[in-house]
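Here's the structure we're looking at; comments come further down.
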Amino acid sequence: MKIGIVSEYYQPEPTIYSVQLGQYLSKKGHEVRVLTGIPNYPSGKLYPGFGKTWFWRKVIDGVDVKRVLLFPSHSGNPISRIFTYLSFSLSSLVATRFMSSMDVIYVYGTPITAAFAPYVWRRHVPYVVHVQDLWPESVTESGMLKGRLILEWVEKILRKWTSRIYSAASAVIGISPSMGKELVCRGAKVESVFTVFNWGQEAHSSSGYRKIEHNGFSLLYAGNIGQMQDLSTVIRALKLVSDLPGIRLDIIGNGTELLKVQNLVTELKLLNVFFHGRIPRDDIGSHYTTCDFHLVPLKDLPIFRMTIPSKFQTGLAKGIPVITSVQGDTARLVNTYNLGFVVPNQDEDSWANVISRAYRTSVNERMEMSIAALSLYDSQMSREKSLSALESIVTNSANHDELGS
């Protein structure tokens with residue numbers, strides 16, 4: 001089958017889902033084409049070796065990849081970010097001939113504006129949209145836009161537009177059960193909605209997790225450092241428990257709030273917080289093997305109760321107990337399967353109390369959480385299971401469209 005993938009982000013950018021899906025489909029014998037942008041995420045600057053050209057095309061790991069121009073930016077400036085999203089959406093139309101012979105198109109829906117061109121092509125090629133975050137809330141609640149009238153105007157437009165995207169799609173995929181239900185409320189046909197968990201960065205043996213012993217108590221945060229991650233609250237909580245011997249926090253990643261978080265660490269005179277910046281994906285594993293808990297913080301907004309952050313799965317895949325403030329589906333998984341601790345409130349006192357509880361857990365308790373994490377991941381969230389589910393949804397969507405035409 002001829003399968004197109006539309007994703008604003010692709011390797012060498014730090015994204016795994018569209019890349020690994022393309023490779024998986026190619027190995028399964030499908031002809032795969034990827035339409036993406038000139039790489040610039042997450043810095044907002046073009047990667048070395050990628051000039052501004054309309055004619056970039058190359059076969060990578062058996063996948064035919066075409067890049068189109070976009071306005072590179074990943075700043076907190078709302079106009080710049082909007083230009084980035086819209087420029088990729090409009091530039092994608094230049095590749096109409098590149099995608100016109102496909103049997104079906106899979107859209108990696110972050111941002112959801114990536115679905116614009118497939119929506120235009122829908123009369124000739126059916127599309128499947130994989131929703132990673134819900135719009136308009138991802139825009140209106142991000143803090144980028146100011147002013148009640150502007151927020152109301154943007155919300156009205158985006159809610160109407162995303163409803164059309166969902167209703168016209170042959171299939172709509174959510175990353176959590178609650179998101180799947182919400183997508184139906186937002187225009188998707190109930191029979192076309194599926195839930196597929198994201199997978200993590202896998203690097204463990206099915207025989208079990210083997211942690212490197214170390215002195216002290218080590219926490220790890222690995223991911224984007226933005227407003228929504230609310231790391232400042234975690235840092236303030238760490239100050240409250242700084243009397244606990246041997247406690248430390250390692251932070252891996254970059255983002256718009258990095259400087260703010262670094263300044264807060266300096267202001268609070270914390271000597272047990274260490275910043276490692278962005279490091280190669282393959283090198284992150286060594287940090288997981290020496291940490292006791294990994295952190296998954298997010299502000300408590302309604303949309304986040306319907307999501308499961310990808311860093312959550314990565315920690316599970318490596319058998320690491322979790323401390324998270326994400327309510328909804330994520331919290332239910334943690335509590336149901338004994339994967340770690342849930343922070344009940346979005347304040348430093350609550351975080352400090354939970355970190356203290358985690359600190360006092362025994363080696364056996366942490367090992368039980370580790371085994372539970374690996375078991376849940378292998379049974380419900382593994383890369384092989386999720387990729388197989390995605391292939392089935394995408395190919396069935398193409399076949400269903402043929403039968404209905």
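The numbers here are math on the coordinates, done by the rules we state, and not lab data. This one's a predicted model, so the numbers in the text were calculated from it and none came from an experiment. When we count neighbours, we look across all protein chains shown, and the Cβ atoms used for this are built from the backbone with ideal geometry, even at glycine.
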> When Ile323, Ile82 are ordered from fewest to most other Cβ atoms inside 10 Å of their Cβ, what list results?
Replying inline: Ile82, Ile323
> Local charge sum around Ser73 (other residues, Cβ-Cβ under 15 Å, Lys/Arg +1, Asp/Glu -1)?
Replying inline: +1
> What FRET efficiency would be calculated for the residue pair Arg357, Leu151, taking the C-beta separation as r and a Förster radius of 41 Å, to the nearest 0.05?
Replying inline: 0.60
> Sorting Cys185, Cys291 on the 10 Å Cβ count, fewest up front, what's the list?
Replying inline: Cys185, Cys291
>> Testing the spin-label approximation: label points 7 Å from Cα along Cα→Cβ at Lys189 and Ile79. State their distance in nm.
In response: 4.2 nm
>> Can you compute 3J(HN,Hα) from phi for each residue in the range 172-182, using the Karplus curve 6.51 cos²θ - 1.76 cosθ + 1.60 with θ = phi - 60°, rounded to whole Hz and x for Gly and Pro?
In response: 10, 10, x, 9, 8, x, 5, 5, x, 5, 5
> With the Cα gyration tensor of the range 217-381 giving a ≥ b ≥ c as the square roots of its eigenvalues, does the rule (a/c under 1.5 for rounded; else a/b larger than b/c for prolate; else oblate) give rounded, prolate or oblate?
Replying inline: rounded
> Among Lys66, Lys181, Lys58, what is the fewest-to-most ranking by other Cβ atoms within 10 Å?
Replying inline: Lys58, Lys181, Lys66
> Listed here are the pairs Lys146/Lys299; Lys45/Lys156; Lys58/Lys160; Lys156/Lys385; which of them are more than 25 Å apart at the Cα?
Replying inline: Lys45/Lys156; Lys58/Lys160; Lys156/Lys385
>> Place a point 7 Å from the Cα of Asn399 along the Cα-to-Cβ direction; which residues of the range 164-199 have their backbone N under 16 Å from it?
In response: 171
> Taking the alpha-carbon centroid of each part, what is the distance from the range 1-53 to the range 335-405 in angstrom?
Replying inline: 25 Å
>> Checking the a/c ratio against 1.5 first, then a/b against b/c, what shape does the Cα gyration tensor give for the range 212-276?
In response: oblate
> Among Asp300, Asp283, Asp292, which one moves the most in a GNM of the chain with springs linking Cα atoms closer than 10 Å?
Replying inline: Asp283
>> Please give me the summed charge of the neighbours of Thr162: other residues whose Cβ is under 14 Å from its Cβ, Lys and Arg +1, Asp and Glu -1.
In response: +1
>> Suppose the chain between Glu31 and Ser43 were pulled fully straight at 0.36 nm per residue; how much longer would it get relative to their current alpha carbon spacing?
In response: 1.1 nm
> What is the sum of charges around Gly340, taking Lys and Arg as +1, Asp and Glu as -1, for the other residues whose C-beta is under 14 Å from the C-beta of Gly340?
Replying inline: +3
>> I need the phi-derived Karplus couplings for the range 96-112: 6.51 cos²θ - 1.76 cosθ + 1.60, θ = phi - 60°, integer Hz, Gly and Pro marked x.
In response: 4, 5, 4, 9, 5, 8, 6, 7, 7, 10, 9, 10, 7, x, 9, x, 5
> Residues with amide H under 5 Å of Val68's amide H, sequence separation 5 or more or different chain, H placed in the peptide plane at 1.01 Å from N; which?
Replying inline: Thr36, Gly37, Ile38
> If you plug each phi of the range 308-313 into the Karplus form 6.51 cos²θ - 1.76 cosθ + 1.60 with θ = phi - 60°, what whole-Hz ³J(HN,Hα) values come out, in order, with x for Gly and Pro?
Replying inline: 10, x, 4, 5, 5, 5
>> Which trypsin sites (Lys or Arg not before Pro) in the range 226-327 sit in a loop by DSSP (not H, G, I, E or B) and have at most 11 other Cβ atoms within 10 Å of their own Cβ?
In response: Lys269
> At a Förster radius of 35 Å, what calculated FRET efficiency corresponds to the Cβ-Cβ distance of Leu271 and Thr336, to the nearest 0.05?
Replying inline: 0.40
